[in-house]
Amino acid sequence: MQFPVLEKFKANLISIEDFFKIEPYICYSPRPYALMFNVILFGPPGSGKGTQSERLVEKYGLIHLSTGNLLREEIANKTPLGMEAKNFMDKGQLVPDEVVIGMIDSALEHHKDATGFLFDGFPRTAAQAQALDKLLALRKEEINIVLALEVTEEELVKRLLHRGKTSGRSDDSDESVIRKRFSVYSSDTAPVADYYKKAHKFKAIKGEGSVDEIFAALRQAIDMSMAS
Ligand code: B4P
């Protein structure tokens, strides 16, 4: 897998600040060529993003982009990027922005003909959210809706420890690592919600109940957004 943005960062050809300074007309131009419907599934670790994403991509024919899955693939293939990412993930920390932004850039390039994307677990920082807007604006696309799954911390810990027993995921088996992930979510990821609230794209969805009930609520929100 190639990471065009990451390569530019590494070669000092472009800084993250420069990357954000794409000419304003790109960001504010009308979208005559927009063909995609793009959804972000947002929420704390264990809120059900992965579970619901599988169903949503099947229902709406979207391309599923899970940064967690992409990183775990890199780890399984023992790539240098995967080995670096593992150090962060095992401690419950976020992988550096430039790595995940590079992965998303590469995936968007790879799926130029997609009818839309479902971003799962990305963006997780304000810098990633800004970068995603820029990457989509360069392609005359934008995020249509951000669906945020809301689940209590008590329920999240229960779900993740339960998954840890069978998944073999090292970040799910240790409660202190799980708690660390929640604290990173509060400090680094929760501000992403404000970013999309300001853009009037944010919709909270109750993430507790049966998988079918939550899926129905997500579908309703997407169908309303598609119709508007
Ligand atoms: P992710 O892979 O994104 O995983 P997650 O947040 O733990 O899980 P998710 O919300 O998808 O939960 P799921 O549906 O599986 O991230 C892992 C790590 O990768 C991060 O900590 C970070 O280090 C790194 N990373 C990823 N993206 C990054 C980025 N953009 N920037 C930096 N670092 C990044 O559900 C969890 C469990 O709940 C499952 O067992 C499921 O069966 C169960 N469940 C789901 N819905 C349920 C329901 N309704 N009722 C009961 N149980 C339910």
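Please treat every number below as a calculation from the coordinates, not as lab data. Just so you know, these numbers come straight off a predicted model, no measurement behind them. Cβ placement follows ideal geometry from the backbone for every residue including glycine, while neighbour counts extend to all protein chains displayed.
Observations on the model:
- Within segment 132-156, considering residues that are acidic (D, E) and within 17 Å of the chain's Cα centre (by Cα), the one surrounded by the fewest Cβ atoms within 10 Å (Cβ to Cβ): E150
- Residue among K201, K197, K165 that alone is within 14 Å of the ligand (Cβ to nearest atom) and more than 19 Å from Q93 (Cα to Cα): K165
- Which listed residue is within 9 Å of the ligand (Cβ to nearest atom) and either more than 19 Å from the chain's Cα centre (by Cα) or not charged (D, E, K, R) (or both), from R159, R124: R159
- K59 of a type in the set (K, R) and outside any helix (DSSP H, G or I): no
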